[in-house]
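The values are calculated or read from the model by the stated rules, or taken from the named source; none is laboratory data. What you see is a predicted model, and the numbers here were worked out from it, not measured in a lab. Every residue, glycine among them, receives a Cβ derived from its backbone with ideal geometry; neighbour counts consider all protein chains shown. Only protein heavy atoms, including side chains, enter the accessible area calculation; ligands, DNA and RNA are left aside. Shrake-Rupley method; radii C 1.70, N 1.55, O 1.52, S 1.80 Å.
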Amino acid sequence: MTSQLISSPRPNVKRRAEPACRLDRDRDGLRVRRVASPCVAQLPTSPPRPCLSSTSPPQPISSLSLLFFFSPNHPSAETGARSPPPPPIPEPYLSPPPPMALSRRLLPLLLRRGSTTSLSPARALSTVAVTADAPAAAAAAAEEEAMTIKGVRISGRPLYMDMQATTPVDPRVLDAMLPFYLSRYGNPHSRTHLYGWESDAAVEEARARVASLVGADPREIFFTSGATECNNIAVKGVMRFYRDRRRHVVTTQTEHKCVLDSCRYLQQEGFEVTYLPVRPDGLVDVAQLADAIRPDTGLVSVMAVNNEIGVVQPLEEIGRICKEKGVPFHTDAAQALGKIPIDVNQMGIGLMSLSAHKIYGPKGVGALYLRRRPRIRVEPQMSGGGQERGIRSGTVPTPLVVGFGAACEIAAKEMDYDHRRASVLQQRLLDGIRGQVDDIVINGSMEHRACTSASLEPSYVLRALGVEEDMAHTSIRFGIGRFTTEEEVDRAIELTVHQVKKLRDMSPLYEMAKAGIDLKSLSGVGEDISMNHVIVLSRQSASIVHLFTCQVASSQAGN
């Protein structure tokens, strides 16, 4: 039957009382365009409209879409179903943004430090009103920026100098991820339709980008939820697979807690673990490591870059020793990826743990490098559908994996530039504090250093270096990253110097320490220092600033 163009009555549509299109604003200043289309269709009473069917009655329409400023079209446009056109909206919110517009709009928000941006609500339009209401407007703006957290009220968002813990997502990474949240949302393991195919292709492209950054074959990269899961798979998986003939593990006392806890778990199952000490500069003695390897050693695990003191271990030398003795070498490279050059073949690495949120990627995704030749086998730690070739079951989160791949691609291109810039900021911070505060001590080696918060508990890593408990309490960790500015470094210097001098002036023990009196010889003083966590008191000095950046050249890393 041939369809004819006829007229059919237009349904009487009940609409919301609010406008069909409006602009909302969240607390961060991002605009959201809400398009509300008709939700009920009945009782045709309006003038007729064209219809392509001579028999089908008018169909109800029901849809409600949220379109962000970076999404120029409704997803239903691909299927041909369009909502009624909204009323005119002023620029720049209606026009589709050019490529990378999201990055340009988000970057000011990313770098905002408590100041009002161009996306803030408009004030009075009258010049007279602005002049008259300036104090009130300033007070209102300050009140808007103020926040209370854990019972403490602060005037705005503070400086962030803890890049070892996590990094902000690079806007370019977010740009790569967004399509896989909004339109390309297929399951990469669905192999029967377009959505699954394009998600699977995106996952494989990201796998290749991660592999390229470390000199690996893409087939040797397995996506996980993060470096902690990678470390568990590597340590437990290898030893359980070779349990019949390999019953011994060699590691160091300064490893990440997930490695140390995995080793303790294996000890409960009857395995033996050797925990090697490190030198005062934080580096492992490779001769001592070689002597610790036994015929039944199944794994050597040494962190590439320590998350607290930032030292870079001699990976290539350790890898050579392990290769000569026929033992797999595992390294936790979460803090090293994208900051120092890594080549798994040159360094003799057999297993390696990686994380995305340490290199300006999203949280919740990591990767395990597992060598194919000579092949290293692991016992999976999770049962399920057999994804990631059975190593790690569970649906691969496509947007996160795509973000991980984009972060690796950016890191490969900008590693040298990031290093040079962070090195300048590192020296600026160190010189600024040293120029105004005496008795500054750097924890760990300054020559072999890459990347690494202040904690009230004495760090087990610092204690492993031989740092006494009261000295460990005085350590502060600064982390400099890609988006750290000179102004932030200068402000950090100002605040650090002010607080150290203030606390020193409050303490009579500081003058005693400067006079050469051994505070530990005074009854009860050492306990009081530890209990009160006073950062300015110690037997040798009044302040230690634990200082390093997230970037280091290969020459500094000792490669």
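With all protein chains in place and a 1.4 Å probe, the accessible surface of the stretch 378-445 carries 48 percent carbon and sulfur. Restricted to Cα atoms, the stretch 171-412 shows a radius of gyration and a Dmax of 17.9, 58 angstrom.
Comparing Cα centroids, the stretch 194-250 and the stretch 252-282 end up 22 angstrom apart.
Count Lys and Arg as plus one, Asp and Glu as minus one, and take only other residues whose Cβ is under 11 Å from that of Asp261; the net charge is then +2. In terms of accessible area, using a 1.4 Å probe and ignoring ligands and nucleic acids, Leu194, Leu430 rank largest first as Leu194, Leu430. Pairs over the 29 Å Cα-Cα cut-off, from the set Lys150/Lys358; Lys325/Lys413; Lys257/Lys323; Lys236/Lys325; Lys150/Lys257: Lys325/Lys413.
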